[in-house]
Every structure is written in structure tokens, then in C-alpha cells.
1. Please go through the stretch 37-74 and give me each residue that is under 15 Å from the mean Cα position of the chain (by Cα) and not in a loop (DSSP other than H, G, I, E, B), ordered by number.
2. Regarding the stretch 223-233, can at least one residue be identified that is open to solvent by less than 20 Å² (accessible area, probe 1.4 Å), in contact (Cβ under 8 Å) with a residue 40 or more places away in the chain, of a type in the set (A, V, I, L, M, F, W, C) and closer than 26 Å to residue 270 by Cβ?
3. Please verify whether residue 285 is within 23 Å of the chain's Cα centre (by Cα), open to solvent by 10 Å² or more (accessible area, probe 1.4 Å), closer than 20 Å to residue 32 by Cβ and not basic (Lys, Arg), treating the condition exactly as stated.
4. If we keep just the residues of the stretch 75-118 that are part of a strand (DSSP E or B) and among the small types (Gly, Ala, Ser), which is least open to solvent (accessible area, probe 1.4 Å)?
5. Please give the number of the condition residue 256 fails out of (1) out of contact with any helix residue (DSSP H, G or I) (no Cβ under 6 Å at 6 or more places or on another chain); (2) assigned to a loop (DSSP other than H, G, I, E, B).
6. Within the set of pairs 6 or more residues apart or between chains, which connect a residue that is in contact (Cβ under 8 Å) with a residue 40 or more places away in the chain inside the stretch 136-153 to a residue that is small (Gly, Ala, Ser) and part of a helix (DSSP H, G or I) with Cβ atoms less than 8 Å apart?
7. Within the stretch 170-195, count every residue that is over 18 Å from the mean Cα position of the chain (by Cα), under 16 Å from residue 154 (Cβ atoms) and not in a loop (DSSP other than H, G, I, E, B).
8. For residues that are in contact with a Leu (Cβ under 9 Å, 6 or more places away or on another chain) and part of a helix (DSSP H, G or I), tally how many sit in the stretch 270-292.
Amino acid sequence: MTKFGVFLPVSGRAASRKTLMQAAQQAEALGYDSVWAADRLVIPWKIATTYPYSKEATFIVPPDRPFFDTLTCLAFLAGCTENIQLGMSVMVLPYRHPLHWSRIATTIDQLSTGRLILGVGVGWMEEEFVAMNAPFKERGKVSDEQLTLLKQLWAEEHITFHGKYYNVDDIAFSPKPYQKPRIPIWVGGEGKPAQRRAGQFGDAWFPYFVKITPKELAARYDNVRADAKNAGRNTDEVELACCLPVELTPTGGSQITDYLKGSIEQVTERLKQFIDVGVIHIGLQFMIPHYPERQEQIDRFAREALPELKAYSKP
């Protein structure tokens, strides 16, 4: 059965302790399988880098709006919820130290009794890397080395690692993750390097496409499976998950092509096509700026679409 999650209000005017807690608890009560928090550490006042995750290609959170720390939010929600999975979409690895972020992630996994899904990526905003004094052009290599080190941190008692960017000698890392053998690593990113990284390191490929057809997504997932085989892995070890923006309209319009916008009936039928190509988990970002209206759509989708989608299985 394909699982469905919703994004949390971790940024913008709606971001607050009350709305964050209510959103997670309500999602759990409505039958969603997961809640997702986006990641950002700093927002420059001027951003020239093209933003790949909006139709306008510009970053959607103004610098004068709040943007909560993602790992802190998930730790908070671990104590406010009971069963819903807590996802990060996605943590930017290269400007964080792996010994620090992996300790926090493991702590969240322990305190939530195994509900963390760790989406990871290499980042896209060059200005943010400059502010963090991190090498933007080397971000892929830095991320690969972190994920290589992570295998030892979560599996070995005596950890020694010598790479280009990180070096440790005979350190301990405890506790290990609550989930066995580890916290799920879902590799974000849409291009060939991300597909290769997912095949080599990931438990799932976890892209966020603003516009994509199910058939196109499946074709790119074939690349991930090929990369997993090249890395000496069982291709079935790397599953397919994704994030999708969604806009519900009061009535049906033109046929959905590559962007998930339409009536709830149209969106439901389109999501079935994603299930048909093997997507095991979909994080939905309802693209309504006004938070009360966004919450209404999340509620309506849970009542009118989730039961049908959870009962559906691909032919």
C-alpha cells in the first residue's frame, strides 16, 4: 500500500508552536502516514540562484519570514505524536558536520521509537553555501563522503575513517538508531548525480518534481536501479518515493498533464497512476499560501481521497 504524507508549516507566517503541533496531530488523526519538514539554515536577502522547486523558479519563503530549524521541529513533534512518521525533505548535508547531524537524527529516531525518515540532499542555493563557508562546487563529493562515513557510525563500535573531508580515529557512536538496520536514507535530487547517489547509498530515491508524469518518473527510476546494480547492490533495496506539489480546484478543469492541479477526483486518479509505476510513498505539498485554506484542503483530501487511494493497488 502506498503511503501519503503532508508538509508541515515550518516556515512563513503560519509557523508557530501551536500550528506546528496541531498540523502534525491533525495529520495523524486524519490518517496520513507521514509529516514532512523542509530544510533551510539561512535565507540571503538577494538570491540569484534559480530555485528548481516552484513554477516561478524563485524561492518561495521571503527572508523576513520565520523558518524553523527542521531537526528541532521533528524532535519536538516526536513528543507530540504517537504513530505518524517524521520526515525531512530534505536535509542539506554538505554544510553540516556528519558527526553532529547524525547524532541529532539518531536521537530523534530513539525518542520517536523509530519514526524518522531522513531525506538527504546536496543543496541548490549557492548564496547559502557562501554564508555557511562551505564549498558549493564540491557539495556532491562532500555528501558522498558523509554517507560513506554514516555506514560506519550506525553499524560499528570502534569507528575509524580517513577521507578527503573527514577523519576520525577510534571513536564511539552510541546509541545506534532505533530502526534496524538503520534510519531510512531517502536521497533527494532529480538529476543523474542524485540518481547515482540514491543507487549507491539510498533506501529510496526521493525527488521533488514540480512537473513530472508517472511514466517519466518511472524512466528516471530505472536509472537509479541501474546505478544500484553498478554499485553491487540488489536493485530492489532502493525504492521509489517522491514529493509532489498539489493544487485542488473546486471543479474539474483541463486534463492533468505534468503538474498536479485539478479537482479532487482528477488528482486522485492521477495519483493512482503514480502508484501504478511503483511509488511507495508520496509527500504532498498543498500549494495554498493562506494557511487556513491549506488546512481545509488537507482535511478534505484526507476525507475524500485517502481512503480510496489506500484501498487501491496497482494492476
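The values are calculated or read from the model by the stated rules, or taken from the named source; none is laboratory data. Since we're looking at a predicted model, the values are computed, not measured. With ideal geometry, Cβ positions are generated from the backbone for all residues, glycine too; neighbour counts draw on all protein chains shown. Heads up: the accessible areas ignore ligands, DNA and RNA and are worked out on the full protein's heavy atoms, side chains in. Shrake-Rupley method; radii C 1.70, N 1.55, O 1.52, S 1.80 Å.
1. 37, 70, 71, 73, 74
2. Looking through the stretch 223-233, none of the residues is open to solvent by less than 20 Å² (accessible area, probe 1.4 Å), in contact (Cβ under 8 Å) with a residue 40 or more places away in the chain, of a type in the set (A, V, I, L, M, F, W, C) and closer than 26 Å to residue 270 by Cβ.
3. Yes, satisfied.
4. Filtering first and then ranking leaves 87.
5. Tallying (1) out of contact with any helix residue (DSSP H, G or I) (no Cβ under 6 Å at 6 or more places or on another chain); (2) assigned to a loop (DSSP other than H, G, I, E, B), residue 256 fails exactly one: (1).
6. Sorted first by the residue in the stretch 136-153, then by its partner, the pairs are 150/102; 153/102.
7. Qualifying residue count for the region: 1.
8. 5
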